[in-house]
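Q: If you scroll down you'll find the structure; I have some questions about it.
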């Protein structure tokens, strides 16, 4: 069985985000970029399934600028077999991503697609669900455990009441949560080997997808600073401030 994994190039989670002076977006110039953390978990899970004999090949795909090749090379260094870069300079929205990945899936015919539940730059949490709908495949979201059986996959997910396990027929789409695993580090020898692994380049036009944004960002600004807390002398004073100052009662 082939597993297809999506990865996205985002601002590294350790970097303090800065807004551009003109408010048109987030400053990306000279900023460290890396693989989306949820996608690292997706790659790790695919590799573990392959090592357990449940999969024969792991293919990673990314949609973005030419520099996204670095992110794909990281996935290859972790152990993925092949990579596909759908190159575009547009700010690709979740629906366009889902349509492109659908096209890749139709070409690659994977038995399982693993998607990070969300990207840390936009927090949309939409691509996996949209992809499932477009393909007509069952979906298991926010997976904290994945077990593949004979023609099926059991996905355990955290819900308000505890843990829920759903059984899906393959092929299926699974989105990963943080508790699923701990991603491995790519070793130096594997990083060197990754440079020789195959990486195909395509464009959104190859899949008949228009990546022009449907949404227009009017303004981006940093959140206002939090006010200093105060101490109250009694419950009555607390209630009074909640009523008159906070306006929550």
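Q: May I ask you to say which residue of 52, 80, 96 is in contact with a helix residue (DSSP H, G or I) (Cβ under 9 Å, 6 or more places away or on another chain) and more than 18 Å from residue 202 (Cα to Cα)? Let's see the steps before the verdict.
A: Details: 52 fails: in contact with a helix residue (DSSP H, G or I) (Cβ under 9 Å, 6 or more places away or on another chain); 96 fails: more than 18 Å from residue 202 (Cα to Cα).
Step by step, each of 52, 80, 96 is checked, and only 80 is in contact with a helix residue (DSSP H, G or I) (Cβ under 9 Å, 6 or more places away or on another chain) and more than 18 Å from residue 202 (Cα to Cα).
Q: Filter the stretch 199-220 for residues that are surrounded by 10 or more Cβ atoms within 10 Å (Cβ to Cβ) and in a loop (DSSP other than H, G, I, E, B); which is modelled with the lowest pLDDT? Talk me through it step by step, then tell me what you get.
A: To start, the set of residues in the stretch 199-220 that are surrounded by 10 or more Cβ atoms within 10 Å (Cβ to Cβ) comprises 199-207, 209-213, 217, 220.
If we keep only those that are in a loop (DSSP other than H, G, I, E, B) as well, we get 203, 209-213, 217, 220.
Numbers: 203: 95, 209: 94, 210: 92, 211: 92, 212: 89, 213: 88, 217: 84, 220: 87.
Within the stretch 199-220, the match that is modelled with the lowest pLDDT is 217.
Q: Return a yes/no flag: does the stretch 221-235 have any residue that is modelled with pLDDT under 95, under 22 Å from residue 113 (Cβ atoms) and under 28 Å from the mean Cα position of the chain (by Cα). Talk me through it step by step, then tell me what you get.
A: Step one: list which residues in the stretch 221-235 are modelled with pLDDT under 95, which gives 221-235.
Filter once more, keeping what is under 22 Å from residue 113 (Cβ atoms): none.
No; the residues of the stretch 221-235 include none that is modelled with pLDDT under 95, under 22 Å from residue 113 (Cβ atoms) and under 28 Å from the mean Cα position of the chain (by Cα).
Q: Right, here's the next one. If you take the residues of the stretch 165-188 that are over 19 Å from residue 40 (Cβ atoms) and within 22 Å of the chain's Cα centre (by Cα), which of them is surrounded by the fewest Cβ atoms within 10 Å (Cβ to Cβ)? Steps first, answer last, please.
A: Filtering the stretch 165-188 for residues over 19 Å from residue 40 (Cβ atoms) gives 165-172.
Filter again for within 22 Å of the chain's Cα centre (by Cα), leaving 165-166, 168, 170-172.
On the way: 165: 12, 166: 15, 168: 18, 170: 16, 171: 20, 172: 23.
Looking at the filtered set, the residue picked out is 165.
Q: Further question on the same structure: Given 136, 140, which one is surrounded by fewer than 16 Cβ atoms within 10 Å (Cβ to Cβ), over 27 Å from residue 11 (Cβ atoms) and without any contact (Cβ under 8 Å) to a residue 60 or more places away in the chain?
A: Numbers: 140 fails: surrounded by fewer than 16 Cβ atoms within 10 Å (Cβ to Cβ).
Residue meeting the stated conditions: 136.
Q: It is to be established whether one or more residues within the stretch 12-35 are touching a strand residue (DSSP E or B) at 6+ places or on another chain (Cβ under 6 Å) and part of a helix (DSSP H, G or I).
A: No, because not a single residue in the stretch 12-35 is touching a strand residue (DSSP E or B) at 6+ places or on another chain (Cβ under 6 Å) and part of a helix (DSSP H, G or I).
Q: Can you name every residue in the stretch 53-64 that is in contact (Cβ under 8 Å) with a residue 12 or more places away in the chain and either loosely packed, with under 15 Cβ neighbours inside 10 Å or not in a loop (DSSP other than H, G, I, E, B) (or both)? Talk me through it step by step, then tell me what you get.
A: So the first thing to find is which residues in the stretch 53-64 are in contact (Cβ under 8 Å) with a residue 12 or more places away in the chain, and the list is 54-64.
Residues satisfying the conditions are 56, 57, 58, 59, 60, 61, 62, 63, 64.
The values are calculated or read from the model by the stated rules, or taken from the named source; none is laboratory data. Keep in mind the model is a prediction, meaning the values are calculated, not measured. In this analysis, Cβ positions are derived from the backbone assuming ideal geometry, glycine residues included, and neighbour counts consider all displayed protein chains.
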